[in-house]
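The values are calculated or read from the model by the stated rules, or taken from the named source; none is laboratory data. If you're wondering where the values come from, they're calculated on a predicted model, not measured in any experiment. Backbone-built Cβ (ideal geometry, glycine too); neighbour counts: all protein chains shown. Surface accessibility is based on the protein's heavy atoms, side chains included, excluding ligands, DNA and RNA. Shrake-Rupley method; radii C 1.70, N 1.55, O 1.52, S 1.80 Å.
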Amino acid sequence: MQPTDSYDLVIAGAGIIGASVAWHATQRGLRVAVIDAKGPAAAASGASDGAVSVASKRPGLMANLADASLCYAREMAQHNGILKGIFHPRPTFIFARSAPESAALDRLTRMLHDQSLSVTIHQDGAAQTSAISGLGKDITRVIELQGEAHMLGYQATHAYLRAAKCDLFWPRSLEAYEPGPEGVRVFTSAGEMNCAQLVIASGIGTMGLLPNVPMIARSGQLIVSDRGPASEPNLPGPLTSAAYLLDKTANGRGDAGLPVVIDPLHTGQVLIGSTREDHGTERQTDIATVRRLLHSAVGCLPRLAERRIIRVFAGVRSASLDGLPIVGALPEEPNVVCATGFEGDGICLSALIGREIAAHLATGQSSPDLAALTPGRFSSQEAIPA
Amino acid sequence: MIDTRPLIVGAGPAGLRAAITLSDAGLHPVLVDHAPGIGGAVYANLRAQPNLTPKLTREACILRQDFERVRPRVDLRLSTAFAAFDQAGTALLTGQAGMMFKPRAVIFATGARERIQPRPGWTLAGVSSAGALQIALKTTGTLPLGRLLLAGTGPLLYAIAAQMVAAGRAPVAVIETGNPLRHPLMALRLPAPVLTEAARYMGRLLLAGVPILSGTDLTRIETRNGALIAHTSRQGRWAEIAVDHIGLHDGLARNDFGISAEMTGQTPVFQAGDCRSVLGRWAAEDDGKRAAEQVLHALKATPGRAAIAPDQRFVKTQTLLAKLFARAPSLAAPDLPDDTVICRCENRSLGDLKQALQAASEQTQTTARTLRLTERFGMGPCQGRQCLDWVAALTADTTSFADLRGNRWPIKPVRVRDILDAPDFTVDPSHQDLK
Ligand SMILES: Cc1cc2nc3c(=O)[nH]c(=O)nc-3n(C[C@H](O)[C@H](O)[C@H](O)COP(=O)(O)OP(=O)(O)OC[C@H]3O[C@@H](n4cnc5c(N)ncnc54)[C@H](O)[C@@H]3O)c2cc1C
Ligand SMILES: Cc1cc2nc3c(=O)[nH]c(=O)nc-3n(C[C@H](O)[C@H](O)[C@H](O)COP(=O)(O)OP(=O)(O)OC[C@H]3O[C@@H](n4cnc5c(N)ncnc54)[C@H](O)[C@@H]3O)c2cc1C
């Protein structure tokens, strides 16, 4: 295909969200170009864990969206679907070490039941009864969930981009745009492009492009171990502290333990994460914090003490002020669609968001489920709290 | 008390001399080395087993004497690795005498690392780096059993071969890619100590009748009937040599892997010795002293020197050596068969790399991140020490070594237990709390 300067759709950002939108839009026959300031999965999508998790979501809308995305991704992983070999179903283990954490597990149980989600509780009991042997003595209760999955952000990004019949350009950044009656003029670092519609899926980069959409850069540090001895059974699924759930509730986690996730990778390595820090730089990792995370991880699974750490890295989540993603056409600019603010949930939500945005772009109709995510919700406010 | 003593990483000639200089100025440096003794790569015999009585050179003796003099003022931590330094100014040491502290200044004197050119068969059992053989010889007095072969390029190859001869284990041959003996006139421009040393090594090899096959490439290694078969090529003529052990060495590079300017935050950080510029052991001591003076200047302890340039004599020597050993055209990775393993940790081949590069188009470059995340180069436990030189060379127009390496720590894999066990002196001990 000869690249041209005029497209139905230009997508700024080749993270998992932009890639999913690109693939879904080409499935609907749109002529699509994807540009990225650096390259595919250059930001959060290449520096994250890949939990496709419903349990970790806030009850209500977010849990429903996550569940819908999970079910849809599961479908795409079957019958030679696009996520085959990339989306891996697996059990999830969530544990409590304290009364507040145990209460969080009770709330989770209620949420899964009340919202009739596809994720179910397989087992709930004392640490000794769980499928994971050798848990730390502080762990008092473990819930094993069935139905969740793992998907590495960069693998999904590459799969979508490879299959999407579209033009790809990088390094090329979106610098400005000008909506007009015929479409949108897009000004990039490598010249001008024209399109009927523009999607801004630039993660934290959206901050500079859309100053009226308030966001917070929230970084997280992750730790990667070596493969461990061949004799050691790898975890069947991630071991997540219920403190993570508390992080998402209004009260915060109070004096509960440091939230930690120990996530097994296919290679036999484990990924240990992650923090939430509002400094927002992806370059910053620090020894004291990593040590605290490791201390917490070894408390949960003492055999980790013998693993070696190969590297530590950080990623930046783009968070919105109200904790909901920011998805939809801009208030005064119907041809410009924004999709960002996924914070720690973008891998999980990417399947659904890609499908829904592509449907909106192709048909002009948008799903009522996403109405609450509209970027317009910020412009109605008088002043944006800092 | 919060510990802020200056840190020196590496107890080779550069690090030892830096420690001596700082101590003489009244400071109490922390000197750390992951080896069990002082001396670094060149004076590894300073840490030889007690039953060996190695002959030490005059320089080694002087260095040891000077260090013994300041020893009470130096906090020497052996069998302890420097693992990380973060933007908060915290250094993490792990191993026998691990700790966390906030050094006021850091000198990296981590020496050189060997470069090993991937070739088919280089990952077979029985093939190692020539330097690894040398360290074993210097510290334990032993070498693996059977016939030994050395191959690659650079002056160190002859030093190692001569040391093997002295130990009564002459190698079957030295296979040299370059042609250093071709240019005797050029060689005569080398400084006297270098020439003397070279002559001594060569004399020893000649006397022992060790063939030096120069202008010859070791193109491939395979196993046959329990032996290693080295396939060599010299101007299109092929030969085979059957041996039991092969030591490869393709020159030295700075061992600054994982040590970037970016990691330093506010703390003054300097590099010294081969870690700053591979100029050999004479330059290393000199450079260690100067790095220490820079630290003193930065800490305003004395009016030390601010900016330094490497001593031009040493630079000239190395440039000349590089010319002597140059081979045209050099055996480059693109000439190798596609199934040559480039990254042994993740088992990625040259063909994998080429394919990844071909997947890019005029509009899209293959980024460093894709080469790491998707292609897995540099992601194994060696962190790319072996493969990234070659990956960077093949992808020079789109990525850089720095992009491929990134700025991640630890600089070598460390056990979780060692990280947790290191006492924390970055905070007042009365406030220590891991939770
Ligand atoms: C430590 C950590 C752990 C996480 N764990 C999980 C998890 O387990 N499960 C989960 O669901 N989510 C997780 N996340 C969140 C998830 O990674 C993100 O929500 C998701 O990757 C966001 O994808 P994106 O496409 O919106 O943004 P990004 O992946 O950030 O992509 C944005 C892209 O836009 C490009 N760009 C920026 N500005 C411009 C411009 N002006 N022009 C052109 N291109 C531009 C960037 O180069 C980048 O490639 C985690 C995140 C972090 C940091
Ligand atoms: C394998 C090898 C063999 C060599 N043999 C010879 C020879 O026979 N003759 C010769 O003239 N030159 C030899 N050289 C060259 C020689 O290294 C230099 O000329 C000289 O030793 C440089 O001194 P230095 O102090 O800069 O580094 P080195 O002497 O290399 O000392 C560096 C020290 O840093 C330590 N170190 C590195 N990383 C860490 C870490 N993360 N934590 C803790 N400690 C660390 C190492 O253990 C080492 O002791 C050799 C080099 C190598 C790599």
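Computed over the range B:1-120, relative contact order equals 34 percent, with contacts defined as Cα pairs under 8 Å that lie 6+ residues apart.
Over the protein assembly as shown, the fraction of Cα-Cα pairs per 20 Å bin, rounded to whole percents and listed from the shortest bin up, is 14, 41, 33, 12, 0. Remark: spin-label model distance A:His113-A:Asn194 equals 6.1 nm, labels positioned 7 Å along the Cα→Cβ axis. Among B:Cys345, B:Ala392, B:Ala368, pick out the residue whose Cα is farthest towards the positive end of the charge dipole of the range B:341-404, where Lys and Arg carry +1 and Asp and Glu carry -1 on C-beta, about the Cα centre. Going by the Cα projections, it comes out as B:Cys345. Remark: mean inter-chain Cβ contacts per residue of B:353-364 equal 3, using a 10 Å Cβ-Cβ cutoff to other protein chain atoms.
Interface between chains A and B: roughly 3600 Å² of accessible area buried, both sides summed (probe 1.4 Å, protein heavy atoms only). Note on B:Arg69 and B:Leu145: the extension gain reaches 23.3 nm, defined as 0.36 nm multiplied by sequence separation minus the Cα-Cα distance. Here chain A exposes an accessible surface that is 52 percent carbon and sulfur, computed with a 1.4 Å probe and the other protein chains kept in place.
Roughly how many Å² is the accessible area per residue of the protein assembly as shown, as a whole number, for a 1.4 Å probe? Ligands and nucleic acids excluded, the result is 41 Å² per residue.
Amide H to amide H, with H built 1.01 Å from N, B:Ala208 comes under 5 Å of no residue 5 or more places away or on another chain.
Take B:91-103, B:117-129, B:231-243 and order them by the average number of nearby Cβ atoms within 10 Å per residue, most first; the result is B:91-103, B:117-129, B:231-243. The mean sequence separation of alpha-carbon pairs under 8 Å and at least six residues apart, normalised by the residue count of chain A, gives a relative contact order of 24 percent.
Scaled against the 2.2 N^0.38 Å expected of a compact globular protein of N residues, the Cα radius of gyration of the range B:116-250 reads 1.03.
With each label modelled as a point 7 angstrom along the Cα→C-beta vector, the B:Leu195-B:Cys61 pair spans 2.6 nm. With 20 Å² as the minimum drop in accessible area between chain alone and full protein complex (1.4 Å probe), the qualifying residues in the range B:76-109 are B:Asp86, B:Gln87, B:Met100. May I ask for log10 I(q)/I(0) of chain B at q = 0.06, 0.09, 0.13 Å⁻¹, from a Debye sum over the Cα atoms as equal point scatterers with solvent left out? Evaluating at q = 0.06, 0.09, 0.13 Å⁻¹ gives log10 I(q)/I(0) of -0.27, -0.62, -1.28. Mean per-residue shielding of peptide A:63-75 is 0, counting Cβ atoms of other chains within 10 Å of each Cβ. Scan chain A and report its longest stretch carrying no trypsin sites (Lys or Arg not before Pro) that are both in a DSSP loop and have at most 16 other Cβ atoms within 10 Å. Answer - A:166-275.
For the range B:341-404, the normalised intensity computed at q = 0.13, 0.27 Å⁻¹ comes to -0.28, -1.25 (log10 of I(q)/I(0), Debye sum over alpha carbons, equal scatterers, no solvent).
Computed from backbone phi, the HN-Hα couplings of the range A:162-173 come to 5, 7, 6, 7, 9, 8, 10, 9, 7, x, 7, 10 Hz, rounded to whole numbers (Karplus: 6.51 cos²θ - 1.76 cosθ + 1.60, θ = phi - 60°; Gly and Pro given as x). Overall, the accessible surface of the range B:341-404 at a probe of 1.4 angstrom is composed of carbon and sulfur to the extent of 46 percent.
Taking only the alpha carbons of chain A, we obtain Rg and Dmax values of 20.8, 66 Å in that order. Rounded to whole numbers, the Karplus 3J(HN,Hα) couplings from phi for the range A:25-34 are 5, 5, 4, 8, x, 6, 8, 10, 10, 10 Hz, using 6.51 cos²θ - 1.76 cosθ + 1.60 with θ = phi - 60°, and x at Gly and Pro. Accessible-area loss of 40 Å² or more (1.4 Å probe, protein heavy atoms, chain alone versus all protein chains) is found in the range A:297-328 for A:Ala305, A:Glu306, A:Arg308, A:Ile309, A:Ile310, A:Arg311, A:Val312. Residues whose amide H lies under 5 Å from that of B:Val127, counting only those 5 or more places away or on a different chain, are B:Ile246; hydrogens are built 1.01 Å from N in the peptide plane. Among the residues of B:398-407, the average count of other protein chain beta-carbon atoms within 10 Å of the residue beta-carbon is 1. Using θ = phi - 60° in the Karplus curve 6.51 cos²θ - 1.76 cosθ + 1.60, the 3J(HN,Hα) couplings for the range B:182-196 round to 5, 10, x, 5, 5, 4, 5, 7, 5, x, 3, x, 5, 4, 4 Hz; x is entered for Gly and Pro. Based on the reciprocal of the average 1/r between different C-alpha atoms, the Kirkwood radius for the range B:83-141 equals 15.1 Å. Mean separation of Cα pairs under 8 Å and 6 or more residues apart, divided by the residue count, gives chain B a relative contact order of 20 percent. Looking at chain A, the DSSP beta bridges with both ends there are about 75 percent antiparallel. Rounded to the nearest 10 degrees, the angle from helix A:61-76 to the longest Cα principal axis of chain A is 80 degrees.
Residues whose amide H comes within less than 5 Å of that of A:Ala149, counting only those at least five positions distant or on another chain, are A:Val52, A:Arg90 (H built at 1.01 Å from N in the peptide plane).
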